[in-house]
1. Just to check your reading of the model, which residue among GLY53, GLY39 is at pLDDT below 85 and small (Gly, Ala, Ser)?
2. Residue pairs, Cβ under 7 Å, 6 or more apart or interchain, first in segment 7-35 and more than 12 Å from LEU50 (Cβ to Cβ), second charged (D, E, K, R) and assigned to a strand (DSSP E or B). List them.
Amino acid sequence: MAAFDTLLVDSPSARWRWGKVVRGNVACLWINSKNRMGGYSGWSEYTFDLETGEISSREELESLLARLDLPPTPNDLCGKIPSS
């Protein structure tokens with residue numbers, strides 16, 4: 001996916017798992033990618049807009065909601081990482 005190329009250091013080696021659709025066209029996504037040292041950095045939670053292709057980290061999503069004066073998302077918005 002081209003959207004990952006700017007987000008990740010080594011996008012071809014990334015492992016990712018899709019979660020449920022949580023709001024309209026927004027789906028949960030977990031990514032485990034290699035860091036600059038070549039090791040995997042662990043699973044990180046993101047949201048992915050299925051219409052625009054925009055990826056947001058949990059922090060970016062919370063920041064946007066705060067700027068719009070909206071309540072934060074629940075901690076378990078995406079639930080657990082789905083197994084492969």
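The values are calculated or read from the model by the stated rules, or taken from the named source; none is laboratory data. Since this is a predicted model, take the numbers as computed values, not measurements. So basically every Cβ, Gly included, is an ideal-geometry build from the backbone, and we count neighbours across all protein chains shown.
1. Working: GLY39 fails: at pLDDT below 85.
Of GLY53, GLY39, the one residue that is at pLDDT below 85 and small (Gly, Ala, Ser) is GLY53.
2. Qualifying pairs under 7 Å: VAL9/LYS34; ASP10/LYS34; SER13/LYS34; TRP30/ARG17; TRP30/GLU45; ASN32/ARG15.
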